[in-house]
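Taken together, the values in this text are just the output of simple stated rules run on the coordinates, not laboratory data. Everything quoted here is computed from the prediction, not taken from an experiment. Using ideal geometry, Cβ is built from the backbone for each residue, glycine included, and neighbour counts are taken over all protein chains shown.
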Amino acid sequence: MHEPLLTAIGKDLSVRSARAAKTGEGVLDESTFNTIEVDRLFDAVNCASTVVGQATLYRSLAHPLNSVEAITAKQDALKELDSKADLRIQVEGLVQHAAKYEEEFYRLLFGTFVGTFGNPLGKMETGSFGHATYRQGTKLMLDLVKGAQGLPTPESPYLRARLEALKAFGSTRSHALMKGPVYLTERAIRTKAEKWLLAPAIKFRPTLFKPRLIITLLIAMGLLLHYAPALGVSRHAMPVLMVVLLPSLLLYGPLIGGFDRDSIIYPLRDGYRDSRDVQQALEALGQIDELLSFHRYAKAFGSSTVLPTLIESDQHAMVLKTVRNPILGKGNVDYVPNDINLNGARLTFITGPNGGGKTACCKTIAQVQLLAQIGCYVPAEQAQVSVADRIFYQVPESNSLADREGRFGTELQRTKAIFFASSPRSLVVLDELAEGTTYQEKLEISRTILGGFYQVGNNTILVTHNHELAEQFQQRDVGSYRQAEFIHGSPTHRLIEGISRVSHADKVARRIGFAKEDIERHLAERGYVGGCETSSEGK
């Protein structure tokens, strides 16, 4: 169960509070979340107007859907917003209006009102008693109800249900309290419907200007002055009495404001903060804004985007035509697309020199799978994907000083966790295998591990420089083989058929200035010969 979005956002207005699940407990685990750069993916896709919309999107990325029906429902809502411009404009207007008052609502729920003489620190502390914040903050929720009631009824069940949730808030107790009037009785705060007609109560007005109270005080002061002589106050003492009474009016604000804040505003906001009705209405707003964010991302991407066709399959499947990376391809007309077909492959080997785009392509595959499972558009001309129960991405990891297993053991633990948590419906990307041991052992262990994944039947992609490993599987007619294309030593960033036996390690070393001649030059300049320094100090 997720914590309520309102609680997650909190006083810090955090939109990145969601965390991926533990390995095997959700579609995405924390290591994969970090490896495929979900934070950067969020930045690319995030076009939401509201804080709750952004928090909803981030949560979706951390906990993607694993149901074809749930994803299809969001896709249908996006299709309706795309095809009905008038409806989309009205929905956008509702969300944009909410964005104006949203932060004030959070300030009401989580802020502190320090009064006239207080010293506010930070944006969640206000030098007032909370009256203005209460009016502006509750306006968010009241206007959401009015706005939803004024919209036409959508055809898509997902969008219709979210608008109905906003309308339904209009019949809740929290809405009645926000709309007012609110009464403070001897026992509790009541709505007009809850208050007994003859019960004594204080009617709350979210303002320091309270006409009846002010008139009453002025009348009382006038009566006091009028009857002062009858009470034994001489005419000569009247100026002194005036000097005493007038400054007492300065206490009006702190006394009335402090009473409203502590006795009414704080208890009301605590109730709103814990209200399930408020939570549901805000989550509905966030989900609507998330849909609009998907629509804006697709329009702003700059290349073809499409809602993927979802494949019902017992084994993971994916076919992408001219797919671009969701992050790097945004607004980049020069980004080189690729075609991906993982159907029936089970094992896919991607080989080639460094800098050819192998890792970028694999991250594209994982990120597109993730976007598909939150109901979003993906950057491709055509896309067919099945719903993955797990998305895994393993990269070489360095062990800590406290890890007794060393690098090899650390990586093997990760591979083991992935293997035991995967099923035929999983997508697994492995960036090299069995690092930190001898070449022969690496070859044998990698062959065993990949054989195990092949029997599971999921789609496993191995990024490797080990062409001998790929060739052994190719000789058995097992798997699919792609290599990074280079023309005249330069990468095209396309994947083509085959296994690469080329290494550009020397070119990389030359590019960064650490080739053989660079090392020899450094040794000669420092006077190192045979491992010993030849300076006079070393003789």
What is the antiparallel percent of DSSP beta bridges lying wholly in region 302-503, to the nearest 5?
40 percent
Cα gyration tensor shape of region 1-112, rounded if a/c is under 1.5, else prolate or oblate by comparing a/b with b/c:
oblate
Region 302-503: translational diffusion in µm²/s, Stokes-Einstein, Kirkwood Rh over Cα pairs, 10 °C, 1.306 mPa s
91 µm²/s
Out of 452, 196, 322, whose Cα points farthest toward the positive end of the dipole of the chain (charges: +1 Lys, Arg; -1 Asp, Glu; placed on Cβ)?
196
Can you tell me the relative contact order of region 293-376? Whole percent, Cα pairs under 8 Å, sequence separation 6 or more.
31 percent
Which semi-axes, in whole Å and largest first, does the equivalent ellipsoid of region 263-323 have when worked out from the alpha carbon gyration tensor as the square roots of 5 times its eigenvalues?
42, 17, 7
Residue-averaged [θ]222 nm for the chain, counting only DSSP H segments that reach four residues, each worth -39500 (n - 2.57)
-15000 deg cm²/dmol
With Kirkwood radius over Cα pairs in Å in mind, check [x] 24.9; [y] 28.3; [z] 23.9 and report the label derived from this structure.
[y]
Here the percent of antiparallel bridges among DSSP beta bridges lying wholly in the chain, to the nearest 5, is 45 percent
Hydrodynamic radius (Kirkwood) for region 297-379, which is based on Cα pairs only, to one decimal in Å
13.6 Å
Quick check for me: using +1 on Lys/Arg Cβ and -1 on Asp/Glu Cβ, what's the dipole size of the chain about its Cα centre, in debye to the nearest 20?
2360 debye
Filter the trypsin sites (Lys or Arg not before Pro) in region 70-133 down to the DSSP loop ones having no more than 14 other Cβ atoms within 10 Å, then list what survives.
123
Suppose R0 equals 41 Å; then what is the FRET efficiency for residue 79 and residue 259 from their Cβ-Cβ distance, rounded to the nearest 0.05?
0.15
Taking the Cα centroid of region 428-444 and of region 89-140, what is the distance between the two, rounded to the nearest whole Å?
56 Å
Rounded to the nearest 20 debye, what is the charge dipole size of region 302-503 about its Cα centre when +1 sits on each Lys and Arg Cβ and -1 on each Asp and Glu Cβ?
220 debye
Applying the span-like rule to the chain (DSSP H, Cα extent along axis at least 30 Å, Kyte-Doolittle mean at least 1.6) gives none
Here, region 36-75 modelled as identical Cα point scatterers in vacuum has Debye log10 I(q)/I(0) at q = 0.18 Å⁻¹ of -0.56
Spin-label point model (7 Å from Cα, Cβ direction): what's the residue 333 to residue 7 distance in nm?
5.0 nm
Apply 1/(1 + (r/R0)^6) to the Cβ-Cβ distance of residue 313 and residue 266, taking R0 = 45 Å, and write down the FRET efficiency to the nearest 0.05.
0.25
Under the 0.36 nm per residue contour assumption, what length would be gained going from the current alpha-carbon distance of residue 488 and residue 516 to full extension?
7.8 nm
Of all GluC sites (Glu not before Pro) in region 117-196, which ones are in loop regions per DSSP and have a Cβ with at most 11 other Cβ atoms within 10 Å?
186
Surpassing 20 Å at the alpha-carbon level, of the pairs 22/442; 139/195; 74/299, are 22/442; 139/195
Just going by the charge dipole of region 302-503, with Lys and Arg at +1 and Asp and Glu at -1 on Cβ, which of 372, 422, 480 is farthest out on the positive end?
372
Given a Förster distance of 56 angstrom, what is the FRET efficiency for residue 474 paired with residue 116, based on the Cβ-Cβ distance and rounded to 0.05?
0.10
Find how much the distance from residue 440 to residue 43 grows on full extension, using 0.36 nm per residue of separation minus their present alpha carbon separation; answer in nm with one decimal.
138.6 nm
